[in-house]
Amino acid sequence: MVLGVDLDGVCADYEGAFRASVGRQRDLDVTTLPPQTRMDAYSEWGFTFEEFEEAHRRAVLEDRMFRHMEPLPGVSEALWELSDRGVWIRIITHRLIFNWAHETSAADTAAWLDANRIPYRDLCFIGDKPNVGADLYIDDSPGNIVSLREAGRAAIVFDQPYNRHLPGPRATSWAEVLAYVVDELDARDRQVELPLDDVDPLAPRSTGAPRRPESDA
Ligand SMILES: [Mg+2]
């Protein structure tokens, strides 16, 4: 089983790191920046899209947010357990969103994954997540969840205030992600391969040409 794992808001506390950086950038008391309940360019913090992009860029380049953000509780342990059970961990993240910061974004992401002991076999930087194959995805973004499901993909919602309107499956912790994926693995193990039909493939066909030319002997 390939598990497609998002980083920001699923493995890593993007919002906490971004909040700290915005507090530094604007000399603000961070407690005045509420949890985001609508996933957009942080309009609830008063940002326009352009202001968000600039604050995000400075958080990545000046505060090295992707290197220093906190992991969400239990993520390493849960992913190790799944990896030990044979799950192929494919990290799928949309972090290269502006030019001239790709080296920092990619290098800090890889450093963060190592420092936080996240097991993985592939690391994909892509926005178009349904086009990265996985048997099951875990994501927090309403837009990603909807587009994955519209593409016929199975996706677990990682619970955040801005995605509560989405139907499940939903996990509120990494312990719940682990339990859900283990259940999926067990269900696969219980599946019995059904015969396609009851026709002996070696038996002569009742109609049509002979399976091989008759011998002249
Ligand atoms: Mg995310």
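The values are calculated or read from the model by the stated rules, or taken from the named source; none is laboratory data. This one's a predicted model, so the numbers in the text were calculated from it and none came from an experiment. Here the Cβ is made from the backbone with ideal geometry for all residues, glycine too, and neighbour counts use every protein chain on show.
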Item to complete: Just name the residue that is nearest to the ligand (Cβ to nearest atom) out of those in region 89-116 that are under 18 Å from residue 70 (Cα atoms) and among the charged types (D, E, K, R).
Response: 95
Item to complete: Kindly indicate which of 50, 15, 81 is in a helix (DSSP H, G or I) and exposed (fewer than 15 other Cβ atoms within 10 Å of the Cβ).
Response: 50
Item to complete: Please list, ordered by first then second residue, the pairs with beta carbon atoms under 8 Å, 6 or more apart or interchain, first in region 1-17 and more than 9 Å from the ligand (Cβ to nearest atom), second small (Gly, Ala, Ser) and part of a helix (DSSP H, G or I).
Response: 17/59
Worksheet item: Can you tell me how many residues in region 18-47 are part of a loop (DSSP other than H, G, I, E, B) and within 16 Å of the ligand (Cβ to nearest atom)?
Response: 8
Discussion item. Give all pairs with beta carbons closer than 8 Å in which a residue from region 86-107 that is within 12 Å of residue 122 (Cα to Cα) and touching a residue at least 12 places away in the same chain (Cβ under 8 Å) meets a residue that is away from the ligand (no atom under 16 Å from the Cβ) and among the basic types (Lys, Arg); count only pairs at least 6 apart in sequence or on separate chains.
Written reply: 88/121; 89/121; 90/121
Worksheet entry | Residue match in region 65-84 (condition: of a type in the set (A, V, I, L, M), within 16 Å of the ligand (Cβ to nearest atom), more than 18 Å from the chain's Cα centre (by Cα) and modelled with pLDDT of 95 or more) | yes
Worksheet item: more than 16 Å from the ligand (Cβ to nearest atom), among the aliphatic types (A, V, I, L, M) and more than 16 Å from the chain's Cα centre (by Cα): does that describe residue 151?
Response: no
Discussion item. Whether any residue in region 30-39 is among the aliphatic types (A, V, I, L, M), within 25 Å of residue 113 (Cβ to Cβ) and touching a residue at least 12 places away in the same chain (Cβ under 8 Å) is what I want to check.
Written reply: yes
Discussion item. With the structure loaded, tell me whether residue 67 is charged (D, E, K, R) and either assigned to a loop (DSSP other than H, G, I, E, B) or touching a His at 6+ places or on another chain (Cβ under 6 Å) (or both) or whether it fails that test.
Written reply: no
Discussion item. Looking at region 116-130, can you tell me whether even one residue there is over 15 Å from residue 6 (Cα atoms) and free of Cβ contacts under 8 Å to residues at least 40 places away in the same chain?
Written reply: no
Worksheet entry | Residue list for region 108-125, restricted to those being acidic (Asp, Glu) and crowded, with 16+ Cβ neighbours inside 10 Å | 108
Response to the item:
Counting only residues that are outside any loop (DSSP other than H, G, I, E, B) and surrounded by 16 or more Cβ atoms within 10 Å (Cβ to Cβ), region 126-146 contains a total of 9
Discussion item. Condition first: of a type outside the set (Gly, Ala, Ser) and touching a strand residue (DSSP E or B) at 6+ places or on another chain (Cβ under 7 Å). Now tell me which residues in region 11-51 satisfy that.
Written reply: 11, 14
Worksheet item: For region 147-176, how many residues meet the condition of being in a helix (DSSP H, G or I) and either basic (Lys, Arg) or in contact with a helix residue (DSSP H, G or I) (Cβ under 6 Å, 6 or more places away or on another chain) (or both)?
Response: 5
